[in-house]
Amino acid sequence: MLRKMLEKDRKRLKRKVHIRKRITGTAERPRMTVTRSNRRISVQIIDDVKGHTLASASTLEKELREIKATVGGAEKLGEVMGKRLLEKNIKTVVFDRNGYLYHGIIKALADGTRKAGVEF
């Protein structure tokens, strides 16, 4: 069991490095990165040139704690993130799936952000 989990993490980290070689965020088009676990989801908007986090949303926040790490919860979190981005006049981002497969929770989060009006 442990060996299988270590292999799964190793493959994800390998995909992550391969993706990050090509993706960088700028002030005009920052990078939107996703981190997920079995219980929590978090999203950050990062300007890689300055090394600053411009916005973030997480299911650890007090007002978002009722959102679960499910497909429906990820879509709600994506909509919250989209509203926060539009408040800061950020209309386009580069999506960094952080080595996770673009399926299920990651896809729902991206769709929720698009539904709020952010392009990528």
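Name the chymotrypsin sites (Phe, Trp or Tyr not before Pro) in region 37-108 that are in a loop by DSSP and that have at most 15 other C-beta atoms within 10 Å, would you? If you can, show how the numbers build up before the last one.
Values: sites: Phe95, Tyr100, Tyr102; in loops: Tyr100, Tyr102.
The qualifying sites are Tyr102.
Cα to Cα, under 20 Å, and not fewer than 8 places away if on the same chain: which aspartates and glutamates meet these conditions relative to Lys16?
Glu7, Asp47, Asp48, Asp96
Over region 2-116, what is the relative contact order in whole percent, taking alpha-carbon pairs under 8 Å and six or more residues apart?
29 percent
Measure out, as a whole number of angstrom, how far apart the alpha-carbon centroids of region 65-120 and region 38-52 sit.
When both Cα centres are located, 12 Å separates them.
Modelling each spin label as a point 7 Å along the Cα-to-Cβ direction, I'd like the Lys83/Ile23 distance in nm, to one decimal.
2.5 nm
Work out the length of the dipole vector of the chain about its Cα centre, built from +1 on the beta-carbon of each Lys and Arg and -1 on the beta-carbon of each Asp and Glu, and round it to the nearest 20 debye. Before the final figure, lay out each step's value.
Working: 30 positive and 14 negative charges, 149 e Å.
The dipole of the chain has a size of about 720 debye.
How big is the chain on each of its three principal axes, counting only the C-alpha atoms and giving the largest first in Å?
That works out to 45, 34, 22 Å along the principal axes.
Mind listing which GluC sites (Glu not before Pro) in region 34-120 are in a DSSP loop and have 15 or fewer other Cβ atoms within 10 Å? Numbers along the way, then the final one.
Working: sites: Glu61, Glu63, Glu66, Glu75, Glu79, Glu87, Glu119; in loops: Glu61, Glu66.
Here the sparse-neighbourhood loop sites are Glu61, Glu66.
Using r as the Cβ-Cβ distance of Lys8 and Asp111, and R0 as 22 Å, what FRET efficiency do you calculate, to the nearest 0.05? Don't skip to the answer; put the middle values down first.
On the way: r = 25 Å, r/R0 = 1.12.
FRET efficiency, Lys8 to Asp111: 0.35.
At a 10 Å Cβ-Cβ cut-off, how would you order Asp9, Asp96, Asp47, fewest neighbours first? Intermediate results must be reported in sequence, preceding the final value.
On the way: Asp9 11, Asp96 22, Asp47 18.
Final ranking by Cβ density, sparse to dense: Asp9, Asp47, Asp96.
Since every read-out is calculated from the coordinates, none of them should be taken as a lab result. Keep in mind that what you see is a predicted model, and the values were worked out from it rather than measured. Cβ coordinates were reconstructed from backbone atoms using ideal geometry, including for glycine residues, and neighbour counts include every protein chain displayed.
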